Every structure is written in structure tokens, then in C-alpha cells.
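The values are calculated or read from the model by the stated rules, or taken from the named source; none is laboratory data. As the structure is a prediction and not an experimental result, all values here were calculated from the model. We place every Cβ from the backbone using ideal geometry, glycine too, and count neighbours over all the protein chains shown.
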Amino acid sequence: MGWILIALISVALIGSVFLAVHHAEIVAHRVGEPFGTLILAMSVTVIEVSLIVSMMLSAKGANSELARDTVFATVMIVCNGAVGLCLLVGSLRHRVIAFRVEGAGPPLAVLIALTMLTLVLPGVTITTPGPSFSPSQLAFAGVMSVALYSVFLFVQTVRHRDYFLPVGGDEHQHARPPSTRRALVSLAVLLVALVAVVTFAKLLSPSIEAGVAAANAPTSVVGVAIALLVLLPESSAAVRAAAHNRMQTSLNLALGSALATIGLTIPAVAAVSLLAGLPLALGLPPKDTALLALTLLVSAVTLASGRATILHGAVHLVVFAAFLFLSIVP
């Protein structure tokens with residue numbers, strides 16, 4: 001692929017990201033929180049699942065770690081990169097930012113359980129050799145992931161919806177919401193834009209793979225690069241919300257997208273692996289396990305008080321920088 005074509009695809013990708021963010025905010029304004037952020041998180045995750053599954057089938061088992069690397073990269077990007085940048089931007093503009101502990105703690109608890117179940121346990125079970133589950137274990141992990149994520153959605157949207165509303169109200173509430181027709185049009189454009197993001201990301205992936213090979217970097221860098229591209233819409237929307245002092249909305253996007261990634265991706269790739277007979281390695285190596293544990297510990301400390309400053313953002317961004325650096329220089 002020529003450099004001119006790569007540049008054109010990159011420009012189209014960036015344009016699709018900004019288009020997705022704009023129309024996601026219109027839909028969110030119409031349906032209110034937390035449904036608006038949930039729509040964006042679910043849309044991106046469903047398309048991300050489709051991308052991973054299609055690459056698994058096309059590779060025919062050649063890269064059994066693809067799903068693991070992408071899911072792990074998504075969790076690290078969201079919990080450290082996106083959250084850290086939101087905390088930094090929000091605290092720079094508003095000094096101390098506030099969010100609901102009851103709306104941030106439970107999603108983190110679900111995230112801890114799901115990451116340990118799907119990314120850590122496969123490396124320590126003894127039924128099968130290597131960082132993989134047996135068929136029965138894989139089926140159990142997939143069913144439990146869907147079940148726990150479904151309970152989280154019920155709590156977020158029905159049982160305790162008020163836990164996930166912005167602290168002190170939302171300035172968007174003072175503006176007149178868009179009409180139903182405009183919201184439906186924006187929803188359609190949002191879905192098209194998200195498909196375009198993943199399509200352009202997939203078109204760029206061969207160039208990314210070639211660059212990784214030329215640099216003699218680990219193959220897991222491909223998953224990191226694809227996850228970064230696919231998560232651009234959510235991350236951009238989360239940072240914009242933080243800049244307007246809507247940190248709860250930012251956390252809804254960040255933690256919600258991380259949960260959706262595991263709650264939907266793991267069951268999907270598990271089903272494909274079982275039905276197509278493809279190998280699937282889910283267990284993380286020791287280095288990544290340590291980074292995951294550090295991320296979850298720092299996130300628990302950050303979300304414990306319901307208030308955050310620039311220091312919290314700096315800590316998350318340092319961990320994110322460590323993740324990126326060690327992905328290239330393991």
C-alpha cells in the first residue's frame with residue numbers, strides 16, 4: 001500500500017471518528033444518561049467483536065493470541081489512557097472533579113472479576129497445557145461473562161440508574177433535546193461512522209503489521225494499534241465530557257466500554273473457537289498480568305473517594321506509558 005493511500009485512509013479514519021463522536025452526543029442528549037454512553041459503548045464493542053472474529057477466521061488459527069492481545073490492550077487503553085486523560089483534562093480545567101462512587105465502584109468490581117476469570121485463570125489452570133481453557137472451561141467462562149455483564153446492564157439502566165447520572169446535573173439538560181427524527185438519523189449516521197472506523201482500521205492493519213515486522217517488534221503490538229484506532233470515538237467523547245466537568249459520563253463511557261469488550265468479546269471468540277475448532281490462548285504472560293494487577297489496583301484507589309485531581313490522572317497516564325513502552329520493548 002502506497003504512502004499516499006495510507007495518508008488518505010488515515011484522514012478518512014480521523015474524519016469518521018469525529019463524525020461518530022458528534023452524532024453520539026446528539027443521541028446521548030436525546031435519550032439521556034446512562035443510555036447515551038451505553039449506545040456508543042455497545043456500538044463500538046459489537047463492531048470490534050466483528051473485526052476480531054473476522055480476523056480469527058481469516059487467519060485460520062495462525063494467531064491464537066489475537067483476541068487476548070486485543071482485549072487486554074482495550075482494558076489497558078481504557079482504564080489507563082482514556083481515564084487518565086479524562087482525569088488530567090478535567091482537573092486542569094476544574095481543579096477537583098467529582099463523580100459518584102456508587103456509579104464507579106460496582107463497574108470496577110465487575111471488571112476485576114471478568115479480567116481475572118478470562119485473562120488470568122487460563123494461565124494457571126492445569127486441565128490443558130499452556131495459557132488456554134479446556135472446551136468446558138471456555139464455555140463456562142463465556143456463559144459467566146455474559147451473565148455478569150447482563151446483570152451490570154440491568155443495574156445501570158433499570159435497578160440503580162440514578163447511580164450513573166452526572167453529579168450535580170448536566171448542562172446538556174438545560175438545552176432543548178433534539179427531535180426524535182434527528183436522533184434516529186444521528187443513530188444511523190453513528191452506526192455507519194463506527195463501521196467506517198473499523199473498516200479503515202482493518203485497511204490500515206496490513207501496513208501496521210508490516211511496520212511492526214520491519215521494526216522487529218512483538219506481534220501483540222498489532223492488537224494494541226488496532227485497539228487504539230477502534231477506541232478513538234469512545235475516548236474522544238469521554239475526554240470531551242471530562243472537559244465539560246461531566247466526569248461521571250466519562251467513567252460511564254470508559255468502564256462501560258471495558259466491560260462490554262470482555263462481556264461480549266470473550267463469549268463471541270469462545271463460541272467461534274469451539275464451533276470452528278480454532279486454538280484460543282487467553283492467559284496473559286507474567287509481564288501483562290503484573291500490568292493488569294497494577295491497573296486494577298490504581299483504578300480502585302482512584303475511584304474510592306469520588307473525587308480526583310491532576311495527580312490521579314498523571315498516575316494512570318504513567319501506567320499507560322509503561323504499557324505502551326513494554327509492548328514494544330518487552
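Taken as a whole, the range 226-236 holds at least one residue that is touching a Leu at 6+ places or on another chain (Cβ under 6 Å) and in a helix (DSSP H, G or I).
Taken together, the residues in the range 286-308 that are surrounded by 13 or more Cβ atoms within 10 Å (Cβ to Cβ), polar (S, T, N, Q) and closer than 23 Å to P106 by Cβ amount to 3. Of everything listed in (1) part of a helix (DSSP H, G or I); (2) farther than 21 Å from L8 by Cβ; (3) in contact with a Gly (Cβ under 9 Å, 6 or more places away or on another chain); (4) modelled with pLDDT under 80, the single unmet condition for A213 is (3).
Among the conditions (1) more than 20 Å from the chain's Cα centre (by Cα); (2) within 17 Å of L88 (Cα to Cα), P330 misses just one, which is (2).
What residue, among those in the range 148-158 that are at pLDDT 85 or above and of a type outside the set (F, W, Y), is surrounded by the fewest Cβ atoms within 10 Å (Cβ to Cβ)? Step by step, filter the range 148-158, then rank; the result is S150.
Assess whether E33 counts as being modelled with pLDDT under 75 and either among the aromatic types (F, W, Y) or not in a helix (DSSP H, G or I) (or both).
For E33, the condition - modelled with pLDDT under 75 and either among the aromatic types (F, W, Y) or not in a helix (DSSP H, G or I) (or both) - is met.
Suppose the filter is part of a helix (DSSP H, G or I), of a type in the set (G, A, S), modelled with pLDDT of 80 or more and crowded, with 20+ Cβ neighbours inside 10 Å; does G105 pass it? So G105 fails the test. Looking across the range 304-326, the residues that are in a helix (DSSP H, G or I) and touching an Asp or Glu at 6+ places or on another chain (Cβ under 9 Å) come down to F323, L326. Kindly evaluate V44 against the criterion of being buried (at least 24 other Cβ atoms within 10 Å of the Cβ), farther than 24 Å from P279 by Cβ and either touching a Pro at 6+ places or on another chain (Cβ under 7 Å) or at pLDDT 75 or above (or both). Considered against the rule, which asks whether it is buried (at least 24 other Cβ atoms within 10 Å of the Cβ), farther than 24 Å from P279 by Cβ and either touching a Pro at 6+ places or on another chain (Cβ under 7 Å) or at pLDDT 75 or above (or both), V44 comes out as yes. So for the range 252-275 (the condition being over 28 Å from L85 (Cβ atoms), free of Cβ contacts under 8 Å to residues at least 60 places away in the same chain and surrounded by fewer than 24 Cβ atoms within 10 Å (Cβ to Cβ)), does at least one residue qualify? Yes, the conditions are met somewhere in the range 252-275.
Can R161 be described as touching an Asp or Glu at 6+ places or on another chain (Cβ under 9 Å) and modelled with pLDDT under 85? When the stated conditions are applied, R161 passes them.
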